[in-house]
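Everything below concerns the one structure shown next.
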Amino acid sequence: MKIQLKQFDVLQSTNVTAVAFAKDGAPEGTVIVAERQNGGRGRRNRVWDSPLGGLWFTVILRPHIDPQYVAQVTLLAGVAVAQALRQIYQTDEITIKWPNDLLLRGKKVCGILSEMQLDENGAIDYAIVGIGINVALNPEDLKGIAASLNASFNKNYTCGYVLDNILREFDFLYQQWLIKGANIVISLWKKLNCTLGKQVLVKDNDEVIFSGEVISIDETGAIIVRSKEGELQSFDFGEISIR
Ligand code: BTN
């Protein structure tokens, strides 16, 4: 895809602006970047703090696939970002916590929020993938559960440099995925994740609804969890809006 960067000093949210561009017909590969966001959004309607020093961007995609597979795009994004960051910072300590939080030594360094829109025929009109990465945040802006990459690795990379590398990786993996399907993404995800084999509590709106060991991930991105009693349940994710 042809990458077209649209750069802004400040936006409410790059996801909001990406939706506006997508509705206006922006082509696949349009990337909205902001130096800071004053209404950054996280999953489950959480606020996403987005001060200067972080990399806040959203990619517009228009994949010609069955909408049931669109959640794979979010997995793909997690894999692409994890691979690019591992390469840039020369580390294998960045891992993916299901569904797509990137952790460094247990602390969050990246979050991903995707949305998609169907057209009146039920096909995908656009998908947007919003990615927030703590590249060079001021330590004072970080809560205890988050870490900043440059400070953690004693590096001084610019957000632009990190973005270029991520988009190259993203584009490569996206083309592979369109041609060859999900297997490559799922197998890379399995290598990079820190969730499979772990005991987890599955929560819905902060309420625990299931607990057990994560034994597998399926091709839609759902995890299969086995309880102590041997009961298997799968949990999926993905946000869609239908016009
Ligand atoms: C999460 O809750 O982990 C997802 C966070 C996603 C944050 C990014 S920053 C760029 C894009 N714009 C937003 O408003 N959110 C996403």
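Here, each number is a calculation from the coordinates, and none is a lab measurement. All figures in this text were calculated on a predicted structure; none of them were measured in a lab. As a convention, Cβ positions derive from the backbone with ideal geometry for all residues, glycine included, and neighbour counts pool all protein chains shown.
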Averaging sequence separations of C-alpha pairs under 8 Å and six or more residues apart, then dividing by the length of the chain, give the relative contact order as a whole percent. 18 percent
Just add up the charged neighbours of residue 200: K/R +1, D/E -1, any other residue whose Cβ is under 12 Å from the Cβ of residue 200. +3
So how do 28, 140 line up by other beta-carbon neighbours within 10 Å, fewest first? 140, 28
Could you check the spin-label model distance between residue 211 and residue 196? Points 7 Å from the Cα along Cα→Cβ, value in nm. 2.5 nm
Quick one: which of 86-92, 205-211, 125-131, 75-81 comes out on top by average Cβ neighbours within 10 Å, and what's the full order, highest first? 75-81, 125-131, 86-92, 205-211
Which shape class applies to region 4-192: rounded if a/c is under 1.5, otherwise prolate when a/b exceeds b/c and oblate if not, where a ≥ b ≥ c are the square roots of the Cα gyration tensor eigenvalues? oblate
Taking the Cβ of residue 216 as the center, what net charge do the other residues with Cβ under 11 Å away carry, scoring Lys and Arg +1 and Asp and Glu -1? -1
What are the membrane-span-like helices in the chain by this rule: whole DSSP H runs, Cα extent along the axis at least 30 Å, mean Kyte-Doolittle hydropathy at least 0.0? 159-180
Note down the magnitude of the dipole of the chain about its Cα centre, charges +1 on Lys and Arg C-beta and -1 on Asp and Glu C-beta and zero elsewhere, to the nearest 20 debye. 580 debye
Under 1.5 on a/c is rounded, so check that first for region 156-238, then, if it is not, pick prolate when a/b is larger than b/c and oblate when it is not; a ≥ b ≥ c are the square roots of the alpha carbon gyration tensor eigenvalues. prolate
Could you state the number of Å between the C-alpha centres of region 24-63 and region 114-157? 7 Å
Which lysines have a Cα lying under 27 Å from the Cα of residue 107, excluding residues fewer than 8 positions away in the same chain? 97, 143, 155, 190, 191, 198, 203
16, 59 arranged by Cβ crowding within 10 Å, fewest neighbours leading: 16, 59
Shape category assigned to region 199-241 from the gyration tensor of Cα positions, a/c cut at 1.5: oblate
In range of the label at residue 66: residues from region 106-126 whose backbone nitrogen is under 14 Å from the point 7 Å along Cα→Cβ: 123-124
Separation between the residue 183 and residue 145 pseudo-spin-labels, each 7 Å from Cα along Cα→Cβ, expressed in nm? 3.7 nm
How would 116, 1 line up from fewest to most surrounding beta-carbon atoms within 10 angstrom? 1, 116
